[in-house]
1. Out of the residues in region 156-175 meeting the condition of being more than 20 Å from Val18 (Cβ to Cβ) and surrounded by 12 or more Cβ atoms within 10 Å (Cβ to Cβ), tell me which one is farthest from the chain's Cα centre (by Cα).
2. With respect to Thr127, is the statement that it is within 16 Å of Pro66 (Cβ to Cβ), open to solvent by less than 20 Å² (accessible area, probe 1.4 Å) and of a type in the set (Ser, Thr, Tyr) true?
3. Given the criteria more than 11 Å from the ligand (Cβ to nearest atom), touching a helix residue (DSSP H, G or I) at 6+ places or on another chain (Cβ under 6 Å) and open to solvent by 40 Å² or more (accessible area, probe 1.4 Å), does Lys2 qualify?
4. Identify, from the list Phe108, Phe8, Phe44, the residue that is in a helix (DSSP H, G or I), more than 17 Å from the chain's Cα centre (by Cα) and surrounded by 13 or more Cβ atoms within 10 Å (Cβ to Cβ).
5. Does Leu120 count as touching a residue at least 60 places away in the same chain (Cβ under 8 Å), under 26 Å from Gly167 (Cβ atoms), of a type outside the set (S, T, N, Q) and within 12 Å of the ligand (Cβ to nearest atom)?
Amino acid sequence: MKPQSGSFAATVFLSVGVAGYAVWTYVGGDVQRAPVHPAMVAVFKEHRVLITTHAAAAALALLLGPFQFLDRLRAARPRLHRTLGYLYLVLGVTVGGLTGLLLARHSFGGLVAHLGFGLLAVLWLFTGVMAVLAAKARRFADHRTWMIRNFALTFAAVTLRLYLPLGFVTGLRFEAFYPAVAWLCWVPNLLFVEWVILRPRST
Ligand code: HEM
């Protein structure tokens, strides 16, 4: 990916926006004033350490992720790529994924939401492990493919917050559309990158 490309700029813009919101609200701010459903605020108050850790770790993944796909940076500074990669995977994905998994059982929207967020967390951790194993075995094409899948799942934090206003526009009650959003935020992302990975290249 090139830094001047529109898709890179859009990815960074949206990632920084959502990471900023997460840190501002849950790390620097007061959970009690979070702009979410009152039932979610009650859960976050009860699991304050969990939501703060989750927001901080996942925000780090969102901030670091896009830069790992810059071909020139990777080629020019391979050690930086490795260091940021470990920070992304260990502090971001592993800590964010494990806390996300624990939060999934308390998520708003019942069993459908618990399963949607739970499977997202498991796949986030799984694709991260696969990416590390491929890099260690020096299978760099596979490593790249697993990291694309992994970041598509990280990006669920952005797509979730893009779908929420759409849900409100439809006039449906939050209780009705939030469980669907727990799946919609990541399944299309994964299908899209799978298409990108599998499509024949013209070069
Ligand atoms: C990709 C794996 C992820 C999983 C499985 C996951 C899981 C969850 C769950 C279950 C909740 C509670 C939702 C509820 O109570 O209904 C939550 C909330 C939250 N997550 Fe994640 N999450 C993930 C990624 C991220 C990322 C990358 C960020 C980036 C900053 C993030 C930021 C937040 C924030 C800020 C909240 C609080 C709710 C809000 O203010 O909208 N999460 N997450």
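1. Looking only at region 156-175, we keep the residues that are more than 20 Å from Val18 (Cβ to Cβ), and these are 170-173, 175.
If we keep only those that are surrounded by 12 or more Cβ atoms within 10 Å (Cβ to Cβ) as well, we get 172, 175.
Values: Leu172: 25, Glu175: 23 Å.
Only one residue fits best here, namely Leu172.
2. Details: within 16 Å of Pro66 (Cβ to Cβ): no; open to solvent by less than 20 Å² (accessible area, probe 1.4 Å): yes; of a type in the set (Ser, Thr, Tyr): yes.
Against the criterion (within 16 Å of Pro66 (Cβ to Cβ), open to solvent by less than 20 Å² (accessible area, probe 1.4 Å) and of a type in the set (Ser, Thr, Tyr)), Thr127 does not qualify.
3. Details: more than 11 Å from the ligand (Cβ to nearest atom): yes; touching a helix residue (DSSP H, G or I) at 6+ places or on another chain (Cβ under 6 Å): no; open to solvent by 40 Å² or more (accessible area, probe 1.4 Å): yes.
The answer is no for Lys2.
4. On the way: Phe108 fails: in a helix (DSSP H, G or I); Phe8 fails: more than 17 Å from the chain's Cα centre (by Cα).
After ruling out the rest, the residue left standing is Phe44.
5. yes
Residues checked against (1) more than 9 Å from the ligand (Cβ to nearest atom); (2) open to solvent by less than 50 Å² (accessible area, probe 1.4 Å); (3) in a helix (DSSP H, G or I):
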| residue | (1), (2), (3) |
| --- | --- |
| Trp24 | yes, no, yes |
| Pro35 | no, no, no |
| Ala57 | no, yes, yes |
| Gln68 | yes, yes, yes |
| Leu80 | yes, no, yes |
| Tyr86 | yes, no, yes |
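The values are calculated or read from the model by the stated rules, or taken from the named source; none is laboratory data. Since this is a predicted model, take the numbers as computed values, not measurements. Using ideal geometry, Cβ is built from the backbone for each residue, glycine included, and neighbour counts are taken over all protein chains shown. Surface accessibility is based on the protein's heavy atoms, side chains included, excluding ligands, DNA and RNA. Shrake-Rupley method; radii C 1.70, N 1.55, O 1.52, S 1.80 Å.
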